[in-house]
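Nothing in this text is a laboratory measurement; each read-out follows from the coordinates by a stated rule. Computed from a prediction, not measured in an experiment: that's the story for all the values here. No Cβ is skipped: glycine too gets one built from the backbone with ideal geometry, and neighbour counts run over all protein chains shown.
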Amino acid sequence: MITFLSGGTGTPKLLQGARKVLDDPEISVIVNTGEDIRYQGGHISPDVDTVTYLFAGILNTTTWWGIAGDTFTTHGIIREYLPDAFISIGDLDRAFQIIRADLLEKGLTLTEVTREICRHLGISANIVPMSNDRWTTLVRTAAGDMHFQEYWVRHRGNIPLTAVIHDPIPCPPAAPGALDAIRRAETVIIGPSNPVTSILPILSCSGIREELQGKKVIAVSPFIGDQPVSGPAGQLMEVMGYQADSSGVMKMYEGIVDLFIQDTRDPVHVPGAARYDTLMKTPEIAGNLMRAILSHT
Ligand code: GDP
């Protein structure tokens, strides 16, 4: 069993490669839920959705969110009445968000809901949310504290930040299924996801760091030079007091990671790091990266 810690873009690209090398039942994915949000009657779990749709073979891999070929009829109608509706949700995607909200309201845990949706979609990989409890990532700005989705989707990241905070304090316990996925893993792979908004929330759930002790952990950097491949990781790393490059990522994962992987083009020197092509422009490149990673296990 190989267990991944994942957000909703960089690691899912690596998972696409993993599926070329491993059978789905050999893969576990512990997914960040720090960006979850109740929205228009649904419960959006953006990273869980992306990973789930990927394994179901229905993910829109142009955007890395939503369902390929989805329509936006409902969103269009809602926008006429609520011009402030800032998250575009496809019709099929929305159905899963309503199902999730409904099952949560009926008393199922997020782990159980995720399992239900996976079963419905015929998924044999083990996809588990990091926690069954809410732990929301917020950013502090001059306009006040806002949900990460507000910052990134509504404001497109164009707003200065002074801090990343979480609500509630303290962080919740990890989902039992997440701890079990680490316990059963031969190797844990921290994919090239946003270290601040995707990986740190998972590592913060109580029990996760302890469970990782003694495990072989391999991490892939989401940075090439001082730029992340995509997204706001640079600004967020700086706000957290880390250097916005691979050395900052390695520092953040200090004490956890046995092997750090950087892109061959990355000018930043991280002692002991292995170098491969990590720019996963195609599933084939992702497959090659995955084979290279597994050669170290
Ligand atoms: P989010 O939940 O949508 O923010 O997605 P993730 O946290 O999973 O991934 C975002 C991170 O993925 C960003 O920091 C990117 O730099 C990184 N990323 C995206 N594509 C690639 C890629 O092909 N290679 C590498 N090394 N990193 C990538």
Given Cβ charges of +1 for Lys and Arg and -1 for Asp and Glu, the option among 159, 72, 124 whose Cα lies farthest towards the positive end of the dipole of the chain is 124
Computed over the Cα atoms of segment 182-238, the Rg and Dmax in Å are 12.6, 35
Descending packing, highest mean Cβ count within 10 Å first, for 73-82, 33-42 is 33-42, 73-82
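Relative contact order for the chain: what is it in percent, counting Cα pairs under 8 Å that are at least 6 residues apart?
On the way: 573 pairs, mean separation 63.6, N = 297.
Contact order relative to length: 21 percent.
Averaging sequence separations of C-alpha pairs under 8 Å and six or more residues apart, then dividing by the length of segment 1-156, give the relative contact order as a whole percent.
Values: 223 pairs, mean separation 41.2, N = 156.
Reported relative contact order: 26 percent.
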Segment 175-237: relative contact order from alpha carbon pairs under 8 Å, six or more residues apart, as a whole percent, is 41 percent
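Hey, got the dipole for the chain? About the Cα centre, +1 on K and R Cβ, -1 on D and E Cβ, debye to the nearest 20?
On the way: 24 positive and 33 negative charges, 67 e Å.
Charge dipole, the chain, about its Cα centre: 320 debye, nearest 20.
To the nearest µm²/s, what D does Stokes-Einstein give for segment 89-132 at 10 °C and 1.306 mPa s, using the Kirkwood radius over alpha carbon pairs as Rh?
Values: Rh = 10.9 Å.
My calculation gives 146 µm²/s for D.
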By the Cα gyration tensor axes a ≥ b ≥ c (a/c under 1.5 gives rounded; else a/b larger than b/c gives prolate, otherwise oblate), the shape of segment 199-297 is oblate
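Just the number, please: Stokes-Einstein D of the chain in µm²/s, Kirkwood Rh from C-alpha pairs, 10 °C, 1.306 mPa s. Please report the intermediate quantities before stating the final value.
Working: Rh = 19.3 Å.
The Stokes-Einstein estimate is 82 µm²/s.
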